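The values are calculated or read from the model by the stated rules, or taken from the named source; none is laboratory data. All of these numbers come straight from a predicted model, not from anything done at the bench. Backbone-built Cβ (ideal geometry, glycine too); neighbour counts: all protein chains shown.
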There are 2 protein chains.
Amino acid sequence: MGYSILDEKSIIDYVINSKQLKGFFTSGDAEAKEIGDGNLNLVFVVKSKTNSNKSIIIKQAIPYLRCVGESFPLAKERMKYEIRSMIEYEKLSPTSIPKIYHTDEDMCLIAMQNLNNHIIMRKGILENIEYPLFAEHISEHLVKTLLGTSSFLMSSNDKKALMDKFTMNTELCKLTEDFVFSSPYMTDATNRHNPEIDEDVKKIRLDNAFKIKACELKYIFMNKSEALIHGDLHTGSIMLNNNETFVIDSEFAFFGPIGFDVGAIFGNLLMAYCSYFVRDNKTYQEWLLKTAFDVLKLFEAKFILQWAQVEDSALLPKPYFEEMGEARRELQELMIRQIISEAIGFAGCKMMRRQMGVAHILEIETIEDEKQRAIVEKAVIKLAREFVLNYKKLDNINNIFDTVKNTLSYLH
Amino acid sequence: MGYSILDEKSIIDYVINSKQLKGFFTSGDAEAKEIGDGNLNLVFVVKSKTNSNKSIIIKQAIPYLRCVGESFPLAKERMKYEIRSMIEYEKLSPTSIPKIYHTDEDMCLIAMQNLNNHIIMRKGILENIEYPLFAEHISEHLVKTLLGTSSFLMSSNDKKALMDKFTMNTELCKLTEDFVFSSPYMTDATNRHNPEIDEDVKKIRLDNAFKIKACELKYIFMNKSEALIHGDLHTGSIMLNNNETFVIDSEFAFFGPIGFDVGAIFGNLLMAYCSYFVRDNKTYQEWLLKTAFDVLKLFEAKFILQWAQVEDSALLPKPYFEEMGEARRELQELMIRQIISEAIGFAGCKMMRRQMGVAHILEIETIEDEKQRAIVEKAVIKLAREFVLNYKKLDNINNIFDTVKNTLSYLH
């Protein structure tokens, strides 16, 4: 089957003729609306004209960056990796992704549950909504998907067979390599920043100690094929409500360092936290900080707990595991420390690039007054620099918490 | 084209009918002899009946371990990875591999230059032959193939496309995972050792500090997709004479840590060095030690030199590279330190497993007196343990040299 770009009309034919989807709607009863927010993909909601509860989402990748047009090509094959990772997530952690009804690699599309009772977390944060189960849910998702696709759990053959499905996701990996780890810290036409922080930005671009560490972290990102990572797990890739938390938009998925996903969540929550230094809601700010650390704490605790139950793995064959006795804990401790410290380094790069690279975040960009916004941006830069410079030592919750508190104490 | 196992008769037909090989011999003038040493593959020398200078080697993989028989299956597809890595080596470092005349992935065979003026290095060592150019040649090969397939030099797209050709070399990677990093240090039926070192072996198997580090190194081997490594670069995979040095038998090739190849050479030379504590040739012993360290020194120097000439790479885009100025050296220093330290860790594991795992080495196994052999084996175990326990600190030639001298001083 070939590829063609769908529209609100042709998608109805597609749905009605699809073996997997035809049960959803009867011919003539389906209608479609394109609701994509305009950045990357087409997103259709297809629903029944007679029963408003019957609806699905169909996401289709197109071969260019939608918000720019055909002049900015971006291979539609990225959907292949989103599909493959969603299928893996469905096996490992089914409650943390929307239900998948149908996938089609040729048409670069995925049909899934319409999350119309959920919102993008970034938007929820702007509305000061607390999500009491978020840390619990996302840490569970992280452990199940990351531990579950690592050598701590999988056999070497199975891991490599899975890895083989993602090796060629080069285009999106390269976006991360460039836009998280390099371009923001050098002269590059895509960079932009608030003129109020011009001096701070210049200082970082001349800060070789920072740049060496960013490079070290980039090297880890490029070379550590540790587990199937989401690759872009910021608060804009999470849809949730009080009861449920879903991970979406996994087109960046590949075998990379476990800390990258953990750091993405942590760093994005900390940026939101910083934005509240100039917004009027201290209670919510505290919730953000607590949640960021709860994610880290729960991730660590669950990772150790679930790993300890694996008695035979690629890394530790059964007799090796058994004959080590209690020393296993020491090994686990070492391994989790390394994951946490890398997560902090990655969090730092992700925080830094959002202040001075091409892509910024809503929580900070919506602060209209440039001077007010600069207060937040400077705080994020300060903290991000600490994280990147010292990530190797920042391997446990306590000293990470102290670093956040001490670095930002001037704002309290 | 299908696969069939060749013999001394059918190989003549194959050669005469092969497009790439038919120029070599005229019909009726070719004769073949199987000369494989019996472990893994069939190795034929095909030569002209009338001109003894005209000969080629054809190596064919068979779907089981030859020395055991069909009861020990080993996928013939391993030849695919040998072929692919040889083709890559031919591009990157053509003088360090035999000339390749023809490859055939379906038939699992490779036709190449007959190295009849060269011997396997392990055998040369047993004959006390000094190779004055060896360190120069092998360090050049290591830098060209390892730097040349890493993110220090390749574009991310090219690197991943190359990586994609090796990801599924799972079977042979797993042999290394098991037999270098796990089985020797646990209860396993394949292990064997000299009864004279029974206590030493037991001690290592109870030594949790050692076992934790071995596990850490195994994790690096399994997860660091740093460059296309040979994967089994001991002195038995090198054929040489005074003027030329060739690398062969690269069926273990995959994207792994750079230090693994470097450590393999270094560790094997050190084991040979240790064997001379009970052999009567102090001059040759000193040559072995000097050569081991020359390899390390030259590798380090050339790696830095050749890397410094790359002004635009996946890791360091041009503006990043330029704007870092002299700080680039600090970054390089950091990176090479890490490679060296991992090489020492890997060398340690490789040295240890040869004393107590399934596979031993000729230089030590040919010492017939068990008590004499034990002197060597104990020395290797002592040194290997130091390497594995302290590899993170052993990141420069001087402290590595001191460790060797101090650990073995009791033997002088």
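In table form, for the structure just shown:
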read-out: Sole residue being away from every other protein chain (no Cβ under 14 Å) and closer than 15 Å to residue B:304 by Cβ, chosen from B:340, B:361; value: B:340
read-out: Tally, over region B:10-20, of residues that are over 16 Å from residue B:43 (Cβ atoms) and either outside the structural domain of residue B:46 (by TED's automatic domain parsing) or surrounded by 12 or more Cβ atoms within 10 Å (Cβ to Cβ) (or both); value: 4
read-out: Single unsatisfied condition, residue B:96 versus (1) touching a His at 6+ places or on another chain (Cβ under 6 Å); (2) of a type outside the set (A, V, I, L, M); (3) surrounded by fewer than 20 Cβ atoms within 10 Å (Cβ to Cβ); value: (3)
read-out: Members of region A:169-194 that are assigned to a loop (DSSP other than H, G, I, E, B) and facing chain B (nearest Cβ under 7 Å); value: A:182, A:186, A:187, A:188
read-out: Residues of region A:392-412 classified as among the aliphatic types (A, V, I, L, M) and exposed (fewer than 13 other Cβ atoms within 10 Å of the Cβ), total; value: 0
read-out: Strands (runs of 3 or more DSSP E) wholly inside region B:1-82 that include at least 1 residues being under 16 Å from residue B:110 (Cα atoms) and either charged (D, E, K, R) or touching a Ser or Thr at 6+ places or on another chain (Cβ under 6 Å) (or both); value: B:30-34, B:42-48, B:55-60
read-out: Boolean, residue B:348 is farther than 13 Å from residue B:234 by Cβ and either among the small types (Gly, Ala, Ser) or under 25 Å from the mean Cα position of the chain (by Cα) (or both); value: yes
read-out: Residue within region A:190-203 that is of a type in the set (Asp, Glu) and touching a His at 6+ places or on another chain (Cβ under 9 Å) present; value: yes
read-out: Neighbours by Cβ (under 9 Å, 6+ apart or cross-chain): first from region B:308-326, within 9 Å of chain A (Cβ to nearest Cβ) and free of Cβ contacts under 8 Å to residues at least 12 places away in the same chain; second surrounded by fewer than 19 Cβ atoms within 10 Å (Cβ to Cβ) and of a type in the set (Gly, Ala, Ser); value: B:321/B:313
read-out: Selection within region B:179-190 - surrounded by fewer than 24 Cβ atoms within 10 Å (Cβ to Cβ) and closer than 18 Å to residue B:81 by Cβ; value: B:179
read-out: Verdict on residue A:376 being closer than 22 Å to residue A:409 by Cβ and either out of contact with any Asp or Glu (no Cβ under 8 Å at 6 or more places or on another chain) or of a type outside the set (D, E, K, R) (or both); value: yes
read-out: Check on residue A:353, farther than 19 Å from residue A:256 by Cβ, at pLDDT 95 or above and either in a helix (DSSP H, G or I) or not assigned by TED's automatic domain parsing to the domain that holds residue A:284 (or both); value: no
read-out: Any hit, region B:155-168, residues being touching a helix residue (DSSP H, G or I) at 6+ places or on another chain (Cβ under 6 Å) and more than 10 Å from chain A (Cβ to nearest Cβ); value: no
read-out: Test: residue in region A:316-337 that is crowded, with 18+ Cβ neighbours inside 10 Å, assigned to a loop (DSSP other than H, G, I, E, B) and either among the basic types (Lys, Arg) or at pLDDT 95 or above (or both); value: yes
read-out: Neighbours by Cβ (under 6 Å, 6+ apart or cross-chain): first from region A:189-210, at negative phi; second surrounded by fewer than 13 Cβ atoms within 10 Å (Cβ to Cβ); value: A:194/A:370; A:196/A:370; A:196/A:371
read-out: Only one of A:85, A:71 that is polar (S, T, N, Q) and surrounded by fewer than 14 Cβ atoms within 10 Å (Cβ to Cβ); value: A:71
read-out: Selected residue (only one of B:98, B:63 is within 23 Å of the chain's Cα centre (by Cα) and free of Cβ contacts under 8 Å to residues at least 40 places away in the same chain); value: B:63
read-out: In region B:300-315, residue modelled with the lowest pLDDT [restricted to those that are polar (S, T, N, Q) and over 17 Å from residue A:182 (Cβ atoms)]; value: B:309
read-out: Residue identified as in a helix (DSSP H, G or I) and of a type in the set (Gly, Ala, Ser) among B:359, B:343; value: B:343
read-out: Residues of region A:94-128 classified as touching a Leu at 6+ places or on another chain (Cβ under 9 Å), in a loop (DSSP other than H, G, I, E, B) and under 25 Å from residue A:270 (Cβ atoms), total; value: 1
read-out: Residues that are in contact with a Pro (Cβ under 7 Å, 6 or more places away or on another chain) and either farther than 22 Å from residue A:411 by Cα or charged (D, E, K, R) (or both), drawn from region A:330-369; value: A:342, A:353, A:357
read-out: Some residue of region A:135-146 being within 14 Å of chain B (Cβ to nearest Cβ), buried (at least 20 other Cβ atoms within 10 Å of the Cβ) and among the aliphatic types (A, V, I, L, M); value: yes
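One line per residue, one yes/no per condition, for (1) within 13 Å of residue B:247 (Cα to Cα); (2) in contact (Cβ under 8 Å) with a residue 24 or more places away in the chain:
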| site | (1), (2) |
| --- | --- |
| B:68 | no, no |
| B:81 | no, yes |
| B:85 | yes, yes |
| B:93 | yes, yes |
| B:120 | yes, yes |
| B:127 | no, no |
| B:136 | no, yes |
| B:139 | yes, yes |
